[in-house]
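Enquirer: Please read through the structure below; I'll follow up with questions.
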Amino acid sequence: MSTDVSGMIECRPLARIYGKDDEDAVWHAGIDLFLLNIGNAYDALACLFGVRNSFGFQPLAENRGLPHDASDGLRAEFDAWSGPPHPYGTTWITWAELAAADWDRTDASGRLSRQAVAGPGSHWAPVWDVMRTLAELHGPDQVRLVVWFV
């Protein structure tokens with residue numbers, strides 16, 4: 001059975017101006033991953049999120065769950081998956097965490113690097129481009145990717 005990734009990029013634009021605790025500094029749904037055509041290459045899902053990790057990667061963000069402060073748009077999209085097949089492996093990661101990651105780190109075999117399977121030159125490049133642009137505008141801690149799997 002295959003594993004498909006779903007999710008969304010979110011941004012909290014007013015946090016940079018007013019501070020993250022301000023009542024107007026809420027998360028907004030940015031763009032659905034479906035529109036960025038990332039596919040479901042298992043080596044990338046393993047290294048990023050720990051899903052189908054037969055490769056032995058140390059995942060960047062594994063099983064963090066749905067953010068408690070998720071945007072209404074993201075929550076509606078996630079809730080649409082409430083019936084079978086139920087989502088699993090729900091997690092999230094900020095642009096700041098992605099930018100600080102060791103992209104040269106390899107899987108257990110030492111043959112595959114994070115850079116090779118999910119770096120800027122991979123099929124994940126459109127996601128990183130959108131997140132980078134939003135982070136330049138609003139700050140790296142105010143942009144996150146939220147994903148789940150079916």
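Just so it is clear, none of the values below were taken in a lab; they were calculated from the coordinates. Since we're looking at a predicted model, the values are computed, not measured. Glycine gets a Cβ as well: all are built from the backbone with ideal geometry, and neighbour counts include every protein chain shown.
Enquirer: To the nearest 20 debye, what charge dipole does the chain have about its Cα centre, counting +1 at the Cβ of each Lys and Arg and -1 at the Cβ of each Asp and Glu?
Expert: Numbers: 11 positive and 20 negative charges, 95 e Å.
For this selection, approximately 460 debye.
Enquirer: Using Cα pairs under 8 angstrom and six or more residues apart, how large is the relative contact order of the chain, in percent?
Expert: 32
Enquirer: Can you pull out the trypsin sites (Lys or Arg not before Pro) in the stretch 30-120 whose DSSP state is coil and whose Cβ has at most 11 other Cβ atoms within 10 Å? Working shown, then result.
Expert: Details: sites: Arg52, Arg64, Arg75, Arg105, Arg111, Arg114; in loops: Arg52, Arg64, Arg105, Arg111.
Those satisfying the criteria are Arg111.
Enquirer: Then there's this: Where a ≥ b ≥ c are the square roots of the eigenvalues of the C-alpha gyration tensor, would you call the stretch 35-125 rounded, which needs a/c under 1.5, or, failing that, prolate if a/b is larger than b/c, or oblate? Don't skip to the answer; put the middle values down first.
Expert: On the way: a/c = 1.95, a/b = 1.70, b/c = 1.15.
Judged from the Cα gyration tensor, the stretch 35-125 comes out prolate (a/c at least 1.5, a/b above b/c).
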